[in-house]
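Colleague: I'd like to ask you about the structure that follows.
The values are calculated or read from the model by the stated rules, or taken from the named source; none is laboratory data. What you see is a predicted model, and the numbers here were worked out from it, not measured in a lab. With ideal geometry, Cβ positions are generated from the backbone for all residues, glycine too; neighbour counts draw on all protein chains shown. Remember, those area values only see protein heavy atoms, side chains included, never the ligands or the DNA or RNA. Shrake-Rupley method; radii C 1.70, N 1.55, O 1.52, S 1.80 Å.
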Amino acid sequence: MSEPASPVSYRELESGVAMIEIDRPEVHNALNREAQQRFAEYLDEVNENPAIGALVLAGAGGKALSAGWDINEMLALSTEENVRLLLEREEWLWRWYASPVPTVAAMRGIAYGVGALLSACADLRVGGPGTRFKVTGMTYGYANLTWLLPDLVGTSRAKQILLAGGVLEGARAAEFGLLNEYVADEAIRDTAVAAAARVAALPPAGVRNAKRLMREGIGRDARARYDAECLLERAGLADRSAADIFTRFTDRKADRAR
């Protein structure tokens with residue numbers, strides 16, 4: 001008997017890029033506990049692999065990144081079980097947001113509920129005309145993304161998204177600045193992979209430090225953020241010679257001289 005298909009797949013692409021793909025297209029890639037756990041395992045693998053410079057998140061089937069949590073699974077659990085599961089998911093989402101490896105969300109189709117959360121917590125987002133972004137927490141009487149969305153799109157637009165509770169379509173998401181790239185739907189995945197490859201081509205220490213400094217700098221005054229950046233720059237210069245740091249520049253200059 002063959003093994004049941006995994007609800008989440010992982011593969012390493014070229015140029016230091018990896019991809020996690022939610023693979024439950026029959027339910028618009030809704031995440032159940034198994035999918036969440038498999039996702040977490042793959043994320044740990046990526047974070048521990050120095051060869052991976054960027055990570056793409058995608059959804060199978062072409063219609064959804066994810067429609068949200070698997071509500072049917074949650075309905076079958078007791079209140080206590082759902083609370084425990086929620087605690088797991090809170091930590092899991094933070095680990096995705098705080099992953100040292102830069103992340104790119106390929107937002108083809110719908111990104112509702114946890115699909116919206118995963119997208120917002122990615123570093124870069126690629127969408128198209130068919131992209132549909134919806135934060136569903138308010139529908140069920142609780143709040144989501146109040147801690148992050150204002151930093152992504154501004155407080156006024158975050159209020160428009162969160163308090164109205166409607167669907168933000170792709171063109172509007174691009175206008176709001178939620179999408180970093182807006183392309184034809186069929187080009188979303190390839191564009192996300194290309195964006196990840198550009199990130200992965202850079203020295204990983206600089207990229208990871210930039211991501212961490214931006215995350216940790218939210219809410220701090222400008223001088224504190226500036227000092228934190230300068231401290232890292234000085235440390236980098238103390239650890240390496242100028243010749244090592246500027247190898248890319250000197251190599252390109254030598255190539256042009258040939």
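Colleague: If the requirement is being open to solvent by 80 Å² or more (accessible area, probe 1.4 Å) and not polar (S, T, N, Q), which of these qualifies: 81, 12?
Modeller: 12
Colleague: Another one. I'd like to verify a number: residues in the range 161-171 that are in contact with a strand residue (DSSP E or B) (Cβ under 9 Å, 6 or more places away or on another chain) and either surrounded by fewer than 19 Cβ atoms within 10 Å (Cβ to Cβ) or under 27 Å from residue 17 (Cα atoms) (or both), how many?
Modeller: From the range 161-171, those in contact with a strand residue (DSSP E or B) (Cβ under 9 Å, 6 or more places away or on another chain) are 161, 165-171; that's our starting set.
In the following step, the residues that additionally are either surrounded by fewer than 19 Cβ atoms within 10 Å (Cβ to Cβ) or under 27 Å from residue 17 (Cα atoms) (or both) were identified as 165-167, 169-171.
Result for the range 161-171: 6.
Colleague: Hey, another quick one. Quick one: is residue 56 buried (at least 20 other Cβ atoms within 10 Å of the Cβ), outside any strand (DSSP E or B) and within 19 Å of the chain's Cα centre (by Cα)? Give the derivation first.
Modeller: Values: buried (at least 20 other Cβ atoms within 10 Å of the Cβ): yes; outside any strand (DSSP E or B): no; within 19 Å of the chain's Cα centre (by Cα): yes.
In short, no.
Colleague: Moving on to the next point. Counting only residues that are assigned to a loop (DSSP other than H, G, I, E, B) and open to solvent by less than 10 Å² (accessible area, probe 1.4 Å), which one in the range 127-147 is nearest to residue 107 (Cα to Cα)?
Modeller: Within the range 127-147, the match that is nearest to residue 107 (Cα to Cα) is 131.
Colleague: While we're looking at this one, here's another question. Starting from residues that are small (Gly, Ala, Ser) and surrounded by 15 or more Cβ atoms within 10 Å (Cβ to Cβ), keep the ones in the range 202-233 and report whichever is nearest to residue 104 (Cα to Cα). Explain how you work it out, then say what you get.
Modeller: Keep residues of the range 202-233 that are small (Gly, Ala, Ser), which gives 205-206, 210, 217, 219, 222, 224, 228.
Filter once more, so that each one left must be surrounded by 15 or more Cβ atoms within 10 Å (Cβ to Cβ): 210, 217, 228.
Working: 210: 15, 217: 21, 228: 25 Å.
Going through the qualifying residues, I end up with 210.
Colleague: If you don't mind, there's one more thing I want to ask. If the requirement is being touching a Lys or Arg at 6+ places or on another chain (Cβ under 8 Å), at pLDDT below 95 and farther than 19 Å from residue 121 by Cα, which of these qualifies: 166, 206?
Modeller: None of the other options fit; the residue is 166.
Colleague: Here's another thing I want to ask about it. Which residues, counting only those in the range 178-216, are closer than 22 Å to residue 63 by Cα and in contact with a helix residue (DSSP H, G or I) (Cβ under 7 Å, 6 or more places away or on another chain)?
Modeller: Passing the criteria: 178, 179, 181, 182, 183.
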